[in-house]
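Asks: Take this structure, written in structure tokens, and hold onto it; I'll ask about it next.
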Amino acid sequence: MMRKRSKLLLSLMVMWTLSCKEKVKQDNQQSALPFRTTENIVEKKENTSHKSTQDTLISKETVFKINSDFNNYKTKYSIEVLKNTSDKDAYDQLHFNLPVRIYKGNTLWKSNDHLIFNKRNSCISEGFSNVVVKNNYFTIEHQDCSDYNILVSTYITFKVSGDEIYLYKYGESYFDKSNHERNIPTKTWTEKDFGKIKFEDITTGFLEKLQ
């Protein structure tokens, strides 16, 4: 009886030893596997993330874009208002002192970095808001201010004529935040007031002198 028990115990010990050896062997094999697979997955995610971020950054450089043919059905144009990357404030980067680019097809045609008003320290306004195109005219809309209470909506209208773009009209409308019932007459200036001036030569300083 004792011999049978001893044999049984010995057999169990042998099986347990073999099982432990197999477990150690499996662990060693697992630890010997290269980490390349995991690293490649992480690298691919990082590369994909990096690429997406780059694409997003590139697209974010354009604050506003509108396409038109300016009544020239053979040529496609686009007007792009770009982000002001030199400003630290996130809102101001999208609304004040913004560069404007006009493309003929995929080629840069006209450029102006001094057309959209900068923010004023004496009052608060919303800045750039829109570009509207009608036939061979386009208008850049912007909100400025003259003092703490008066908001000034500005409308800079250009005319596309052949290979040039000329300032066609500049207008301002006013709103008194302290007195909503106050009626302030709008003001408009045309070529009769400022002559024939090219798009690339217009500056906010020039427009301010008209006021």
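Let's see how each residue does on (1) at pLDDT 95 or above; (2) farther than 16 Å from Ile140 by Cα; (3) open to solvent by 80 Å² or more (accessible area, probe 1.4 Å):
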position	(1), (2), (3)
Thr38	no, yes, yes
Thr53	no, yes, no
Glu61	no, yes, no
Tyr73	no, yes, yes
Leu82	yes, no, no
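Asks: On the given criteria, is Ser78 touching a residue at least 12 places away in the same chain (Cβ under 8 Å), of a type in the set (Gly, Ala, Ser) and closer than 30 Å to Asn183 by Cα? Explain how you work it out, then say what you get.
Replies: Values: touching a residue at least 12 places away in the same chain (Cβ under 8 Å): yes; of a type in the set (Gly, Ala, Ser): yes; closer than 30 Å to Asn183 by Cα: no.
Criteria not met by Ser78.
Asks: In addition: Determine the pairs where a residue that is closer than 19 Å to Leu151 by Cα, located within region 184-195, has a partner that is among the acidic types (Asp, Glu) and open to solvent by less than 40 Å² (accessible area, probe 1.4 Å) with Cβ atoms under 6 Å apart, the partner being 6 or more residues away or on another chain.
Replies: The qualifying pairs are Lys187/Glu172.
Asks: Moving on to the next point. For Glu200, which of the numbered conditions (1) open to solvent by less than 40 Å² (accessible area, probe 1.4 Å); (2) modelled with pLDDT of 95 or more fails to hold?
Replies: Looking at each condition in turn, Glu200 falls short on (1).
Asks: Give Ser178, Ser161, Ser153, Ser173 a once-over and let me know the one that is exposed (fewer than 11 other Cβ atoms within 10 Å of the Cβ) and among the hydroxyl-bearing types (Ser, Thr, Tyr). Give the derivation first.
Replies: Details: Ser161 fails: exposed (fewer than 11 other Cβ atoms within 10 Å of the Cβ); Ser153 fails: exposed (fewer than 11 other Cβ atoms within 10 Å of the Cβ); Ser173 fails: exposed (fewer than 11 other Cβ atoms within 10 Å of the Cβ).
Matching residue, one of Ser178, Ser161, Ser153, Ser173: Ser178.
Asks: Of the residues that sit in region 100-122 and are of a type in the set (S, T, N, Q) and in contact (Cβ under 8 Å) with a residue 40 or more places away in the chain, which one is least open to solvent (accessible area, probe 1.4 Å)? Even if it seems obvious, please write down each step before you answer.
Replies: First pass over region 100-122, keeping only residues of a type in the set (S, T, N, Q): 106-107, 111-112, 118, 121-122.
Checking the rest, the ones that are also in contact (Cβ under 8 Å) with a residue 40 or more places away in the chain come to 111-112, 118.
On the way: Ser111: 45, Asn112: 5, Asn118: 75 Å².
The qualifying residue least open to solvent (accessible area, probe 1.4 Å) is Asn112.
Asks: If you check Lys159, Lys209, Lys110, Lys169, which single one turns out to be outside any loop (DSSP other than H, G, I, E, B) and over 30 Å from the mean Cα position of the chain (by Cα)? Steps first, please.
Replies: Values: Lys159 fails: over 30 Å from the mean Cα position of the chain (by Cα); Lys110 fails: over 30 Å from the mean Cα position of the chain (by Cα); Lys169 fails: over 30 Å from the mean Cα position of the chain (by Cα).
Unique residue meeting the criteria: Lys209.
Asks: Continuing with this model, one more query. Has region 130-139 got at least one residue that is open to solvent by less than 50 Å² (accessible area, probe 1.4 Å) and free of Cβ contacts under 8 Å to residues at least 40 places away in the same chain?
Replies: Yes - at least one qualifying residue is present in region 130-139.
Asks: Please verify whether Arg182 is of a type in the set (Lys, Arg) and part of a loop (DSSP other than H, G, I, E, B), treating the condition exactly as stated.
Replies: Values: of a type in the set (Lys, Arg): yes; part of a loop (DSSP other than H, G, I, E, B): yes.
For Arg182, the condition - of a type in the set (Lys, Arg) and part of a loop (DSSP other than H, G, I, E, B) - is met.
Asks: So is Phe96 touching a strand residue (DSSP E or B) at 6+ places or on another chain (Cβ under 6 Å), within 21 Å of Glu208 (Cα to Cα) and touching a residue at least 40 places away in the same chain (Cβ under 8 Å) or not? Walk me through it before giving the result.
Replies: Details: touching a strand residue (DSSP E or B) at 6+ places or on another chain (Cβ under 6 Å): yes; within 21 Å of Glu208 (Cα to Cα): yes; touching a residue at least 40 places away in the same chain (Cβ under 8 Å): no.
So Phe96 does not fit the description; no.
The values are calculated or read from the model by the stated rules, or taken from the named source; none is laboratory data. Everything numeric in this text was worked out from a predicted model, so none of it was measured. Cβ coordinates were reconstructed from backbone atoms using ideal geometry, including for glycine residues, and neighbour counts include every protein chain displayed. Note: accessible area is taken over every heavy atom of the protein model, side chains too, but ligands, DNA and RNA are not part of it. Shrake-Rupley method; radii C 1.70, N 1.55, O 1.52, S 1.80 Å.
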